[in-house]
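**Student:** After the structure tokens below, expect a handful of questions from me.
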Amino acid sequence: MPVLEFSNVNKRFGGELAVDNVSFQVGEGRIVSLLGPSGCGKTTTLRLIAGFEQPDGGDIRIRGESVARKRPYERNVGLVFQDYALFPHMTVEANIAFGMRERGVPQSEFAERTAKVLELVKMQGLQRRNPHQLSGGQQQRVALARALVTEPSLLLLDEPLSNLDAKLRESLRIELKQILRSAGITTIIVTHDQSEAMSMADHIIVMSKGRVMQRGSAEEIYSTPANRFVADFIGQSNWFNGQLQGNRFVTDDGLTIAVGDRAGAGAAELGIRPERIAVRTNGTRGWDGANVLGGKIETTEYLGPTIHHWVRLQSGRTVHAIVQNDGQCFARHGQDIHLEIRPEDCLVLGPEP
Amino acid sequence: MKRFTDSLLGLVVLGVSIITVLFLVIPLLMAAVMSFDSREYLGQFPPPGLSTRWYTSFFSDAYYLKGLKVSLLLALTSTCLSTMVGVAAAFTLDRYRFPGREVLSAFFLSPLIVPHVIIGFSLLLFFSSIGLLDGFVRLVLGHLIITVPYVIRTTLASLVGIRKSFMEAALILGATESRAMWKITVPLAKTGIAAGAVFALAYSLDDVSVSLFLTDPNFYTLPVAMTNMMRSQFDLRIASASVLLMIMTIVLIWLLDRIAGLDNVVGQGVYHK
């Protein structure tokens, strides 16, 4: 039985549908991310699961039991708030004990459970501190410990890393993932940060305007986006409008690009990820069977691990290409080069409904 | 030249401040000194000698003592009630958004603007028409009305600083709404609540205008007793009574400073961070 069943849920604020007929399930021990820009309905979805909002339609079940009309304290759900929401007038220990006391855990278990959960988040020895004496990263660990100590059926993380600075964010991301795995807890992570979702979740649900756009693993969503929104939200692409004709795509500005075997024909969009475009100096060849487009390098950004090129094609169109800095590519600003694009790297999307 | 005008302005501001402070303090000091006057009659300042005769006289006068007793009892009773009512009202105004909320809020705070004489007179009419004649009950209700706005204001100001997520965190950790309020919101708002209570106590001790209308021969407050005596028997017991009230106020201000920090309450209106 799935831990969470979110079935055909609607939620309106005023006249606006914040959550529009959304359904998904989360299995035992899975880490699922709700990913989308602000206002996409992901936070409302989280608040519906927590019980801070009530759905206008549909059902929410936790371990088979409908909780749609239940108060937050009647559901066994843990939540780590974006601002951590540690009680400022209580020590770390008292913050962690709060949930155990309210959930009726026997007092005799407090010490052992607290020690266990603090060890899990690597915060031993800080029990007596007050929240304001802790760094942002430490506060987050305490918030996580406080949520985990009551052993909820489901853990919700609201933008877990957004309040931390960029360097800390990356190291904590890996650590957070390890903590969640070792706790073995079913988790839903709400985030607008694609790399956060892709690194931590084993299943991603992309949302926009209250609807689910696509669901799948990070790889599925990145390499086969269901639509233009998903493709643009997760990564970048060079887009061409044109016509799909069998295994070739004719762009409106006159390029013909082999895209491999595709079903269907007619008006469509062609997307090419910048890092899938190879930049070759004239006279060199790389891939067999790739599309070859001539052009001139207009702008180059040297960013260290990668080099970004903006290449003006003969049609006048500019294409963005990202090259790994392997020390071998000597393409320079103003140089005539050619681009190689393999047919299997082309994303072809029908026009959006 | 620019510097000169600046310094001149600085001097003027400093001068005005000093005059203001002197103007506030000198009369109080004079009253305090006069209360120790050794003369039997009301004479010119300064007194030729000092004694505690007016205090002895004050404490042996049944009329004043009764006033002092009623004032203290009334201040404590009305402060307790107005703290409860004010905190409940502030929580409601802070938590819920409902039609008429602004009106209700203005209504709660209106006793700050309406002259107390008007409040006193209206209450007298109202209480008489409903047959409420007990002086103490009338005084408690009257003081409740004038002190509740202070409790609401200071409590509301401290509630504004409490993040909504604290309450939600308590709920998701298994606390009911009332438990969450008791364990999280009330402790976090306690400076505002305490400040409101101290203000309420101070205003209740000090009030004349509302009390004047609501007293009966058995229940009158110390300030009302002083006002009456001023007309019938003007002597320096009034000065000693003033000093006693002053001491009580100073103790309250000291308490307020200890609990909340005076700057927090008066300066910034108890807004957190």
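The values are calculated or read from the model by the stated rules, or taken from the named source; none is laboratory data. As the structure is a prediction and not an experimental result, all values here were calculated from the model. Cβ placement follows ideal geometry from the backbone for every residue including glycine, while neighbour counts extend to all protein chains displayed.
**Student:** Mind telling me which of the residues B:ILE193, B:ILE145 ends up being away from chain A (no Cβ under 14 Å) and assigned to a helix (DSSP H, G or I)? Outline the logic, then answer.
**Tutor:** Details: B:ILE193 fails: away from chain A (no Cβ under 14 Å).
After ruling out the rest, the residue left standing is B:ILE145.
**Student:** Residues that are within 14 Å of another protein chain (Cβ to nearest Cβ), surrounded by fewer than 17 Cβ atoms within 10 Å (Cβ to Cβ) and in a loop (DSSP other than H, G, I, E, B): does region A:66-74 have at least one? Outline the logic, then answer.
**Tutor:** In the first step, residues of region A:66-74 are kept if they are within 14 Å of another protein chain (Cβ to nearest Cβ); the result is A:67, A:70-74.
Retained after the next criterion (residues that are surrounded by fewer than 17 Cβ atoms within 10 Å (Cβ to Cβ)): A:70-71, A:74.
Pick out the ones that are also in a loop (DSSP other than H, G, I, E, B) and you get A:70-71.
So far as region A:66-74 goes, yes, one or more of its residues are within 14 Å of another protein chain (Cβ to nearest Cβ), surrounded by fewer than 17 Cβ atoms within 10 Å (Cβ to Cβ) and in a loop (DSSP other than H, G, I, E, B).
**Student:** Closer than 15 Å to A:ILE341 by Cα and either surrounded by 12 or more Cβ atoms within 10 Å (Cβ to Cβ) or out of contact with any helix residue (DSSP H, G or I) (no Cβ under 6 Å at 6 or more places or on another chain) (or both): does that describe A:THR224? It would help to see each step written out before you state the result.
**Tutor:** On the way: closer than 15 Å to A:ILE341 by Cα: no; either surrounded by 12 or more Cβ atoms within 10 Å (Cβ to Cβ) or out of contact with any helix residue (DSSP H, G or I) (no Cβ under 6 Å at 6 or more places or on another chain) (or both): yes.
When the stated conditions are applied, A:THR224 does not pass them.
**Student:** Based on this model, can you work out whether A:LEU118 counts as more than 18 Å from A:THR44 (Cα to Cα), away from chain B (no Cβ under 14 Å) and crowded, with 21+ Cβ neighbours inside 10 Å? Steps first, please.
**Tutor:** Values: more than 18 Å from A:THR44 (Cα to Cα): yes; away from chain B (no Cβ under 14 Å): yes; crowded, with 21+ Cβ neighbours inside 10 Å: yes.
It is true that A:LEU118 is more than 18 Å from A:THR44 (Cα to Cα), away from chain B (no Cβ under 14 Å) and crowded, with 21+ Cβ neighbours inside 10 Å.
**Student:** Another question, if that's okay. Can you confirm whether region A:314-323 contains a residue that is outside any strand (DSSP E or B), modelled with pLDDT of 90 or more and touching a strand residue (DSSP E or B) at 6+ places or on another chain (Cβ under 9 Å)? So that I can check it myself, show each step before the final result.
**Tutor:** Residues of region A:314-323 that are outside any strand (DSSP E or B), as a first pass: A:314-317.
Right, trim to modelled with pLDDT of 90 or more and you get A:317.
Of the ones still in play, those that are also touching a strand residue (DSSP E or B) at 6+ places or on another chain (Cβ under 9 Å) are A:317.
Looking through region A:314-323, at least one residue is outside any strand (DSSP E or B), modelled with pLDDT of 90 or more and touching a strand residue (DSSP E or B) at 6+ places or on another chain (Cβ under 9 Å).
**Student:** In the set B:VAL224, B:VAL208, which member is within 29 Å of B:THR191 (Cα to Cα) and not polar (S, T, N, Q)? Step through it out loud before you land on a result.
**Tutor:** Details: B:VAL224 fails: within 29 Å of B:THR191 (Cα to Cα).
So the residue among B:VAL224, B:VAL208 that is within 29 Å of B:THR191 (Cα to Cα) and not polar (S, T, N, Q) is B:VAL208.
**Student:** For region B:161-176, state whether one or more residues are out of contact with any helix residue (DSSP H, G or I) (no Cβ under 9 Å at 6 or more places or on another chain), away from chain A (no Cβ under 14 Å) and either of a type in the set (S, T, N, Q) or assigned to a helix (DSSP H, G or I) (or both).
**Tutor:** No; the residues of region B:161-176 include none that is out of contact with any helix residue (DSSP H, G or I) (no Cβ under 9 Å at 6 or more places or on another chain), away from chain A (no Cβ under 14 Å) and either of a type in the set (S, T, N, Q) or assigned to a helix (DSSP H, G or I) (or both).
**Student:** Let me confirm something: among A:VAL26, A:VAL32, which residue is farther than 26 Å from A:LEU164 by Cα and more than 13 Å from chain B (Cβ to nearest Cβ)?
**Tutor:** Details: A:VAL32 fails: farther than 26 Å from A:LEU164 by Cα.
When all the criteria are applied, what remains is A:VAL26.
**Student:** Among the residues of region A:85-115, how many are touching a residue at least 40 places away in the same chain (Cβ under 8 Å), closer than 17 Å to A:PRO152 by Cα and either more than 8 Å from chain B (Cβ to nearest Cβ) or aliphatic (A, V, I, L, M) (or both)?
**Tutor:** The total comes to 4.
**Student:** For region A:130-178, which residues satisfy the criterion of being surrounded by fewer than 21 Cβ atoms within 10 Å (Cβ to Cβ), among the polar types (S, T, N, Q) and not in a helix (DSSP H, G or I)?
**Tutor:** Hits for region A:130-178 are A:ASN130, A:SER135, A:SER153, A:SER162, A:ASN163.
**Student:** State yes or no: is B:ALA157 modelled with pLDDT under 95, over 27 Å from B:PHE219 (Cα atoms), of a type in the set (A, V, I, L, M) and loosely packed, with under 14 Cβ neighbours inside 10 Å? Lay out the reasoning, then the answer.
**Tutor:** On the way: modelled with pLDDT under 95: yes; over 27 Å from B:PHE219 (Cα atoms): yes; of a type in the set (A, V, I, L, M): yes; loosely packed, with under 14 Cβ neighbours inside 10 Å: no.
Judged against the criteria, B:ALA157 is not a match.
**Student:** Can you report the number of residues in region B:57-83 which are of a type in the set (A, V, I, L, M) and loosely packed, with under 15 Cβ neighbours inside 10 Å?
**Tutor:** Of region B:57-83, the ones of a type in the set (A, V, I, L, M) are B:62, B:65, B:68, B:70, B:72-76, B:81.
Filter once more, so that each one left must be loosely packed, with under 15 Cβ neighbours inside 10 Å: B:62, B:65, B:76.
Residues flagged as of a type in the set (A, V, I, L, M) and loosely packed, with under 15 Cβ neighbours inside 10 Å within region B:57-83 amount to 3.
**Student:** Same structure, new question: If you take the residues in region A:179-211 that are charged (D, E, K, R) and assigned to a helix (DSSP H, G or I), which one is farthest from the chain's Cα centre (by Cα)? So that I can check it myself, show each step before the final result.
**Tutor:** Initial filter on region A:179-211 (charged (D, E, K, R)): A:181, A:193, A:196, A:202, A:209, A:211.
When the remaining residues are screened for being assigned to a helix (DSSP H, G or I), the result is A:181, A:196.
Working: A:ARG181: 18, A:GLU196: 6 Å.
Across region A:179-211, the extreme among qualifying residues is A:ARG181.
**Student:** Go through (1) part of a loop (DSSP other than H, G, I, E, B); (2) free of Cβ contacts under 8 Å to residues at least 40 places away in the same chain one by one and return the number of the condition B:LEU42 breaks.
**Tutor:** (2)
**Student:** Here is a follow-up. Any residue at all in region A:284-295 that's assigned by TED's automatic domain parsing to the domain that holds A:ILE257, crowded, with 17+ Cβ neighbours inside 10 Å and under 30 Å from the mean Cα position of the chain (by Cα)? Write out each step before concluding.
**Tutor:** Taking region A:284-295 first, the residues assigned by TED's automatic domain parsing to the domain that holds A:ILE257 are A:284-295.
Those still in the list that are crowded, with 17+ Cβ neighbours inside 10 Å too: A:290-291, A:293, A:295.
Within this subset, residues satisfying the condition of being under 30 Å from the mean Cα position of the chain (by Cα) are none.
No; the residues of region A:284-295 include none that is assigned by TED's automatic domain parsing to the domain that holds A:ILE257, crowded, with 17+ Cβ neighbours inside 10 Å and under 30 Å from the mean Cα position of the chain (by Cα).
**Student:** Considering only region A:242-268, state which residues are closer than 17 Å to A:LEU293 by Cα and among the polar types (S, T, N, Q).
**Tutor:** Selection gives A:THR251, A:THR256.
**Student:** Within region A:246-254, is there a residue that is in contact (Cβ under 8 Å) with a residue 60 or more places away in the chain, at positive phi and out of contact with any strand residue (DSSP E or B) (no Cβ under 6 Å at 6 or more places or on another chain)?
**Tutor:** yes
**Student:** Only one of these conditions is not met by B:LEU14: (1) more than 30 Å from B:PHE108 (Cα to Cα); (2) within 23 Å of the chain's Cα centre (by Cα); (3) of a type outside the set (Val, Ile, Thr). Which number is it?
**Tutor:** So the condition that B:LEU14 fails would be (2).
**Student:** Out of (1) small (Gly, Ala, Ser); (2) in contact with a Lys or Arg (Cβ under 7 Å, 6 or more places away or on another chain); (3) more than 24 Å from A:SER217 (Cβ to Cβ), what's the single condition that is false for A:GLY36?
**Tutor:** So A:GLY36 meets the others, but not (3).
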